[in-house]
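Asker: Take this structure, written in structure tokens, and hold onto it; I'll ask about it next.
The values are calculated or read from the model by the stated rules, or taken from the named source; none is laboratory data. Everything quoted here is computed from the prediction, not taken from an experiment. In this analysis, Cβ positions are derived from the backbone assuming ideal geometry, glycine residues included, and neighbour counts consider all displayed protein chains. Calculation scope for accessible area: heavy atoms of the full protein, side chains included, ligands and nucleic acids excluded. Shrake-Rupley method; radii C 1.70, N 1.55, O 1.52, S 1.80 Å.
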Amino acid sequence: MVAKRRFGRVRRLPSGRWQARYKGPDGIDRPALNTFATKTDAERWLSLTEADIIKDNWLNPDAGRVLLADYAAAWIAERPNLRPKTLQLYEGLVRLHLVPGLGSSAIADITEPVVRRWRKKLLDSGVGPVTVAKAYRLLKAIMTTAVDDGLIRRNPCRIKGAGQEKSPERPVLTMHQVFVLADAFADRRYRLLVLLAVFCSLRWGELAALRRKHIDTSAALVRIETAVVELKNGSLVTGPPKSLAGARWVSIPAFLLADVTEHLDQFTGTADDCLVFTGPKGAQLRRSNFSRQWRKALVAADLTGVHVHDLRHTGNVQAGEAGAGLRELMDRMGHSSTRAALIYQHRTLLRDKMIADEISRRAEAERSRSGTQRAREDGQPS
């Protein structure tokens, strides 16, 4: 007499393969998702499933049948505090890159090979590496939540380095180029914007949101507490900086105070809430409109391939070369993580190596010259 199984049951199918069935914690009788070549394999699977139930590790196989498109939309909707530009970015990545390749797949069917093929297809189709990295990071975050929700057991996004953005090295302007560019604007109202972006390491959105009350000329300080974001639909949204660390005081270099005072007198209203930088008609700056002035100034300054963000990048490099430490760089840049600041510290170390090499070159030249001079004084041939 064959003993009856305590948990689940197995039966042989007409195909010759074996099927395993069991009653889940929810009371529903379920078959294994796959059939098995032998009865022993089917029974072993039942034993493992029973162990998962006992340990409270059982996953409802139906839960993972939700489509990625639906789950991603819900994932975004459940994050009400996203900044407008972040929300716009996530919705765009889902619509353009996640849904076309994975949207019709059930969460449980998105395996590591599926993710690898999806990523490779994006890269092969000409999507930029930075965009692919952003899309991959978003998918990974969504799948992490799926693990937390008990839809899947393991996150399939496990490609080492796939979420890292490897942007091309941006240009760093020399001091001379900074002043030439600032003076190249036909409308002088934009001159101080360039100088503050560089010498105070300010973002475009922070500059566009600056008001008279944020600048203390007597203490040589500028207060960053808001930033402007221009969305794709043309609307301007003013809110807090990108992170808590973004709200900060930044020291204004002494040489720049005269330029700040001149700008406030000529181009900024007298009320505390007046914007520091506006267009010719007094409207709030839009990056889309400023870009026309920017391109003309680049031509006049004989510069190419320079973006507005490169001004802040240049300022960060200068701060690093001036000897700013890691914490000081983070505070000045408004960063809460060390990653970006370490980049500029690394550049500082490279610069220090260049300085050491130049000192070595000069010392060697002087030692060689001095040796030659002594030889002549001793009457020996050099």
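Asker: Can you list residues from other chains, or at least 5 along the same chain, whose modelled amide H is less than 5 Å from the amide H of I252?
Answerer: Hits under the 5 Å cutoff: L221, V222.
Asker: Next question. If DNA, RNA and ligands are ignored and the probe is 1.4 Å, what is the ranking of W118, W58, W45, W249 by accessible area, most exposed first?
Answerer: I get W249, W45, W58, W118, largest accessible area first.
Asker: Kindly report, to the nearest 10 Å², the accessible surface of D62 as traced by a 1.4 Å probe over protein heavy atoms only.
Answerer: 90
Asker: If you count, for each residue, the other Cβ atoms within 10 Å and average over each peptide, how do 259-266, 225-232 line up from highest to lowest?
Answerer: 225-232, 259-266
Asker: With every protein chain left in place and a probe of 1.4 Å, what is the accessible surface of E321, to the nearest 10 Å²?
Answerer: 100
Asker: Still on this structure, I have one more. Using per-residue counts of other Cβ atoms within 10 Å, averaged over each peptide, order 200-212, 269-281 from highest down.
Answerer: Highest to lowest by the protection proxy: 200-212, 269-281.
Asker: Then there's this: Rounded, prolate or oblate, given the Cα gyration tensor of the stretch 1-71, with a/c below 1.5 counting as rounded?
Answerer: In terms of gyration-tensor shape, oblate.
Asker: Shifting gears a bit: Just check the stretch 85-131 against the gyration tensor rule for me: Cα atoms, a ≥ b ≥ c as the square roots of the eigenvalues, rounded for a/c under 1.5, and otherwise prolate or oblate depending on whether a/b exceeds b/c.
Answerer: Because a/c hits 1.5 or more and a/b fails to exceed b/c, the stretch 85-131 counts as oblate.
Asker: Here's a follow-up. Is the C-alpha gyration tensor of the stretch 247-303 telling us rounded, prolate or oblate? Criteria: a/c under 1.5 is rounded; beyond that, a/b larger than b/c is prolate, otherwise oblate.
Answerer: oblate
Asker: On to the next question. What figure in square angstrom, to the nearest 10, would you give for the accessible area of I54 with a 1.4 Å probe?
Answerer: Around 130 Å² of this residue is reachable by solvent.
Asker: Which entries in the list K120/K160; K85/K296; K121/K166; K85/K121; K140/K166; K134/K242 go over 22 Å, if you measure between the two C-alpha atoms of each?
Answerer: Over 22 Å Cα-Cα: K85/K296; K85/K121.
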